[in-house]
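First the structure, in the form of structure tokens, and then the observations on it.
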Amino acid sequence: MIDNKIKLLLASLIFTFCIFSRGAFEKFPLTHILVQLPLLICVGYLLVDEKLLRLGEWNKGGYATLLIAIFTIAFWMLPRSIDAALSSNNMEVLKFITVPLLIGLPLKIGWAQAHPILKGFLKAQAISMLGVAAFIYIHAPIRICVSYLENAQQDLGYGFLYTAIALAVLWSAPLFLSRETKNFHLQLFFPTNS
Amino acid sequence: MNAFKVNSVIILLGSFILWFTTDGLQALTTEGARRLEVEKQKPVMPNITLETMSGAHTRLLNSSGHVTVVEFIYTTCPFICQVDGGYLSRLQNEIKERAIREKVRIISVSFDPLRDNLNELSYYAKRHNADGHIWTIARPGVEDLKSLLKAFGVVVIPDEEGGYVHNSAMHIIDQQGRLSFILDSNDVQGAVKTLERMLP
Amino acid sequence: MIKPTHEPHSNLIKFTMLLAGAVLLLMMTVGLVMRAAQGGLFELDAAIFYQLMTAHGAGMVGAAALTGAAIMWYFVSRYVSLLKEVFVVFLTLFLFGVLLILGSISLGQFGAGWTFLFPLPAISGGAWEAGAAAAFIIGLILIGVGFLLINLEIGRKLISEFDGIGGALAWPVISGKVTPDDAPPPAIVASMATIIFNTIGIVVGAAVLISSLINLYVPTFEVDALLAKNMIYFFGHVFINATIYMAVVAVYEIIPEYTGKPWKTSRVFAIAWSAITLFVMAVYPHHMLQDTVMPAWTLILGQVVSYLSGIPLLAVTAFSLCLYLRGSNIKWDLASALLVLGVAGWSVGVVPAIIDGMISVNKIMHNTQWVPGHFHIYLLLGEIAMSFGFMAYLIKEAKSSEFKPIDKTAFGIYLAGGIGFTLMFLISGAMSVPRRWAVHAEEWMLQDRIATAFALLVIVGTLIFVIRYIVGISNYRRT
């Protein structure tokens, strides 16, 4: 297990990196949406410690925190919001605050408490919505974000598609493992004497 | 507080924020927001002088009660502006057949006035049959360009091939010089309907 | 052989089947009206015909899926403990979805067919508003979410209970590590396979449904029509086929109770179901053989897999069913007769599909009534027959398992009606009568009228099944 301090250090490193790499990442929608935003989500993810995982009755089943994350994701999925982050400094600051604290952090907390069926549903939903985004961004005859070029928009569309495929493989592959192979891999990476 | 209450509050608050930021789910994109805002605010456009393809000068806002359809182009554009030229040509033909023909002007305004000289403007007009009467091609003075684009809310970004990417749309200015509607470039029927509504 | 260990959720499933029975009767009546109108027996406004066609398609696919899901849930819940609440949520979502769909058709005049093929829902030419199309699409999404939930619940239980997807698909039997005696039962293998492709189908379906929904309200976010068609037919093909793959679980579980011989997961059986899992997803391009813009290899794949799909199915289920029946003293009653009919109808229904799956034939036949001929055999004499068999099984009492005269009559009427009805479609198809036409030419009306009479027989048979079922479950309650 990684120590909390190391996690905090890592989080601040990634956050600082995101701030300094702003120009480079925000030049293209692909890196803006599929590199910078996930990195910021990771920052929030790393901020969660054991105490935060037990939030009490109001977050039973993880619904409250997951809903916060979902609404914030929905907000940043709007092409308008992304455009605004590029043209207004206030929105850019808002992005750097809300993506870690209102997506990454609550997602991690909620996920830990979510029912397996809810998790499965959210995974299916995520793959499906990435498919929708890919569908629209690859094909739209107009520029969805006025700040970006059309072919860059298509790159983003393919990015969504490949992400959807990667997640589908990542999430379904472990289901094929039998107990025997799982144990074998565990032994390989974490050998025990027993 | 129990979970049910907290969840309800989050759903209400989240829906409210999304509703608010998308103007009631009507505008998901910046372009959609621009159109919606124009229809609500109807901002008055700057009355700048344009140089038409024949070398004559005209004002963007016209005092003789015309409705003006403005489209932004650059004539060396390889694709979109040429397609849009086709749509405007169809719009010109539709207008010619109707009573509103005396009261409508169409102006394709170049946002690349340095490269688009009078020859280029005329050539573009010839290719798309702009008659110079209802529909003319024009360019602003270099000094007016920035304020003009800003007033219309048009974003122009240079692309990798030495051209530009820009929002293409039909901007309709009413008799009082207010930008009243923005329509998709290909929405010729919608434009005709809107014009007939504005000119009873 | 792994034996059932749990009490199935009987009451919940009995209620579900009652609901499905009612929907089936209603939708059969809608079908009767359509055939009668095509036969010129009365005047029907073309717009209403297409609304009825949309209702019939969506309703029948929904009813087939509902019965299939109920059958799968019932039998899987005998082997693993399933969360009852998930099925209740599924049923609720399903009913809300049905309400929205019926509303979109009856109030909104939506009539774009159940396949909601772009651009028809969005560009109706004024026949219906975007709101009606949206209600229909949201209704389908709700139903899809319901199915996703039960798939997730069954899937996760099977994966943990039977040691991964491979375990539940009986791969250790294929590799020879485990003997059929210790293998998961056929019901588990079939359910696992169905859940895999149905979940993938639903995820793809949800993506195209939501894209269509966005397109309705933001038309500038255009949908690529060809890609949309591919996604819709992938989803539609997988979803409708899943219904029959779920329903066949009833055959695997009930027939051994009649023959006294256990139905084991043999090596061939396991291989066949793993193959089906891939084939059912790879075969969908055979719906698009007329789309000349499709890459050639996809169409060839569609044709080749069409042939291949028939083999595991016919070889494994139909052939082994024959083996089980031969030399066993099966006691015939309504349940066993309908289940065997279901397998027969399923197998026979594949034949016209394979013929239509040939590119050269498809160019001529695909838009004729040949295709409804195929899928009506598949469903009416296959999936629905299995479902009625399951319903008869649910109300069967141990002491009185005999083939009563009333049941024999109903079975005979249903069978005769079903064969005659589907045969008329095939004959019309062979004569190049187009499908999905509200108004028929004089020369086509004879078959339409004969079909109408046979449809009436089917409805009479069904009515007896359903009434017997209602009487059966109310008796069951009292005792």
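The values are calculated or read from the model by the stated rules, or taken from the named source; none is laboratory data. Everything quoted here is computed from the prediction, not taken from an experiment. Virtual Cβ from ideal backbone geometry, glycine too; neighbours counted across all protein chains shown. Side chains are part of the model used for accessible areas, which takes the heavy atoms of the whole protein and leaves out ligands, DNA and RNA. Shrake-Rupley method; radii C 1.70, N 1.55, O 1.52, S 1.80 Å.
Any residue at all in segment A:102-121 that's within 14 Å of the chain's Cα centre (by Cα) and under 30 Å from B:P158 (Cβ atoms)?
No, segment A:102-121 contains no residue that is within 14 Å of the chain's Cα centre (by Cα) and under 30 Å from B:P158 (Cβ atoms).
Limited to segment A:128-137, what total is found for residues that are within 16 Å of the chain's Cα centre (by Cα), open to solvent by 10 Å² or more (accessible area, probe 1.4 Å) and at the interface with another protein chain (Cβ under 8 Å from one of its Cβ atoms)?
Summing the residues that are within 16 Å of the chain's Cα centre (by Cα), open to solvent by 10 Å² or more (accessible area, probe 1.4 Å) and at the interface with another protein chain (Cβ under 8 Å from one of its Cβ atoms) in segment A:128-137 gives 2.
Can you go through B:I10, B:I95, B:I48, B:I80 and tell me which one is of a type outside the set (S, T, Y), closer than 17 Å to B:D184 by Cβ and crowded, with 16+ Cβ neighbours inside 10 Å?
B:I80
Which residue pairs have Cβ atoms closer than 9 Å, lie 6 or more positions apart in sequence or on different chains, and pair a first residue in segment A:50-69 that is facing another protein chain (nearest Cβ under 7 Å) and free of Cβ contacts under 8 Å to residues at least 40 places away in the same chain with a second residue that is part of a loop (DSSP other than H, G, I, E, B) and of a type in the set (A, V, I, L, M, F, W, C)?
Hits for this filter: A:E57/B:M1; A:W58/B:M1.
Among (1) surrounded by fewer than 20 Cβ atoms within 10 Å (Cβ to Cβ); (2) touching a residue at least 60 places away in the same chain (Cβ under 8 Å); (3) of a type in the set (V, I, T), which single condition is B:V142 missing?
(2)
So B:F72 fits all but one of (1) of a type outside the set (D, E); (2) more than 14 Å from every other protein chain (Cβ to nearest Cβ); (3) not in a helix (DSSP H, G or I); what number is the exception?
(2)
Testing C:M231 on (1) facing another protein chain (nearest Cβ under 8 Å); (2) within 17 Å of C:A122 (Cβ to Cβ); (3) buried (at least 22 other Cβ atoms within 10 Å of the Cβ), one condition comes back false. Which one is that?
Unmet for C:M231, out of (1) facing another protein chain (nearest Cβ under 8 Å); (2) within 17 Å of C:A122 (Cβ to Cβ); (3) buried (at least 22 other Cβ atoms within 10 Å of the Cβ): (1).
Can you work out which of the residues in segment B:13-45 that are open to solvent by 100 Å² or more (accessible area, probe 1.4 Å) and among the polar types (S, T, N, Q) is nearest to B:A138 (Cα to Cα)?
Looking at the filtered set, the residue picked out is B:Q41.
Among the listed residues C:I210, C:I195, C:I188, identify the single one that is in contact (Cβ under 8 Å) with a residue 40 or more places away in the chain and open to solvent by 30 Å² or more (accessible area, probe 1.4 Å).
C:I210
Identify, please: which residue in segment B:98-139 is under 19 Å from the mean Cα position of the chain (by Cα) and in a helix (DSSP H, G or I) and is, among those, surrounded by the most Cβ atoms within 10 Å (Cβ to Cβ)?
Out of the qualifying residues, it is B:L121.
Only one residue in C:M288, C:M281 is open to solvent by 20 Å² or more (accessible area, probe 1.4 Å) and either modelled with pLDDT of 90 or more or under 30 Å from C:L226 (Cα atoms) (or both), so which one is that?
None of the others qualify; the one that does is C:M281.
Can you tell me which of A:L175, A:L149, A:L156, A:L170 is open to solvent by 60 Å² or more (accessible area, probe 1.4 Å) and either within 11 Å of chain C (Cβ to nearest Cβ) or under 18 Å from A:T31 (Cα atoms) (or both)?
So the residue among A:L175, A:L149, A:L156, A:L170 that is open to solvent by 60 Å² or more (accessible area, probe 1.4 Å) and either within 11 Å of chain C (Cβ to nearest Cβ) or under 18 Å from A:T31 (Cα atoms) (or both) is A:L175.
What's the number of the condition C:Y217 fails, among (1) surrounded by fewer than 23 Cβ atoms within 10 Å (Cβ to Cβ); (2) under 21 Å from C:S320 (Cβ atoms)?
Exception for C:Y217: condition (2).
Within segment B:151-186, count every residue that is free of Cβ contacts under 8 Å to residues at least 60 places away in the same chain, over 19 Å from B:D116 (Cβ atoms) and over 12 Å from the mean Cα position of the chain (by Cα).
Number of matching residues: 1.
Here are some conditions: (1) closer than 26 Å to A:L161 by Cα; (2) hydrophobic (A, V, I, L, M, F, W, C); (3) under 25 Å from the mean Cα position of the chain (by Cα). C:L213 meets all but one. Which one does it not meet?
With respect to (1) closer than 26 Å to A:L161 by Cα; (2) hydrophobic (A, V, I, L, M, F, W, C); (3) under 25 Å from the mean Cα position of the chain (by Cα), C:L213 is out only on (3).
Quick one: in segment A:117-127, of everything that is free of Cβ contacts under 8 Å to residues at least 12 places away in the same chain and facing another protein chain (nearest Cβ under 8 Å), which residue is surrounded by the most Cβ atoms within 10 Å (Cβ to Cβ)?
Within segment A:117-127, the match that is surrounded by the most Cβ atoms within 10 Å (Cβ to Cβ) is A:A124.
Looking at (1) exposed (fewer than 15 other Cβ atoms within 10 Å of the Cβ); (2) under 12 Å from B:I182 (Cβ atoms); (3) facing chain A (nearest Cβ under 10 Å), which one does B:N2 not meet, given that it meets all the others?
It is condition (2) that B:N2 fails.
Taking the options C:M27, C:M60, C:M53, C:M72, name whichever one is farther than 30 Å from C:M445 by Cα and within 18 Å of the chain's Cα centre (by Cα).
Selected residue: C:M72, the only one of C:M27, C:M60, C:M53, C:M72 that is farther than 30 Å from C:M445 by Cα and within 18 Å of the chain's Cα centre (by Cα).
Determine whether segment C:152-169 contains at least one residue that is closer than 30 Å to A:I138 by Cα, facing another protein chain (nearest Cβ under 8 Å) and not hydrophobic (A, V, I, L, M, F, W, C).
no
Yes or no: C:I143 open to solvent by 30 Å² or more (accessible area, probe 1.4 Å) and either touching a Cys at 6+ places or on another chain (Cβ under 9 Å) or of a type in the set (V, I, T) (or both)?
It is false that C:I143 is open to solvent by 30 Å² or more (accessible area, probe 1.4 Å) and either touching a Cys at 6+ places or on another chain (Cβ under 9 Å) or of a type in the set (V, I, T) (or both).
Given the conditions (1) farther than 23 Å from B:G14 by Cα; (2) open to solvent by less than 30 Å² (accessible area, probe 1.4 Å); (3) part of a helix (DSSP H, G or I); (4) not aromatic (F, W, Y), report the number of the one that A:R143 does not fulfil.
A:R143 satisfies every listed condition except (3).
Just checking, which of A:L156, A:L130 is assigned to a helix (DSSP H, G or I) and closer than 17 Å to C:M231 by Cβ?
Result of the check over A:L156, A:L130: A:L130.
Looking at segment B:82-93, can you tell me whether even one residue there is more than 15 Å from the chain's Cα centre (by Cα) and not in a helix (DSSP H, G or I)?
no
Name the one entry in C:L321, C:L314 that is part of a helix (DSSP H, G or I) and open to solvent by 20 Å² or more (accessible area, probe 1.4 Å).
Exactly one of C:L321, C:L314 is part of a helix (DSSP H, G or I) and open to solvent by 20 Å² or more (accessible area, probe 1.4 Å), namely C:L314.
Yes/no per residue for (1) within 30 Å of A:N183 (Cα to Cα); (2) under 28 Å from the mean Cα position of the chain (by Cα); (3) open to solvent by less than 40 Å² (accessible area, probe 1.4 Å):
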residue	(1), (2), (3)
C:A112	no, yes, yes
C:A122	no, yes, no
C:E129	no, no, no
C:I154	yes, yes, yes
C:D163	yes, no, no
C:G167	yes, yes, yes
C:V173	yes, no, yes
C:T179	yes, no, no
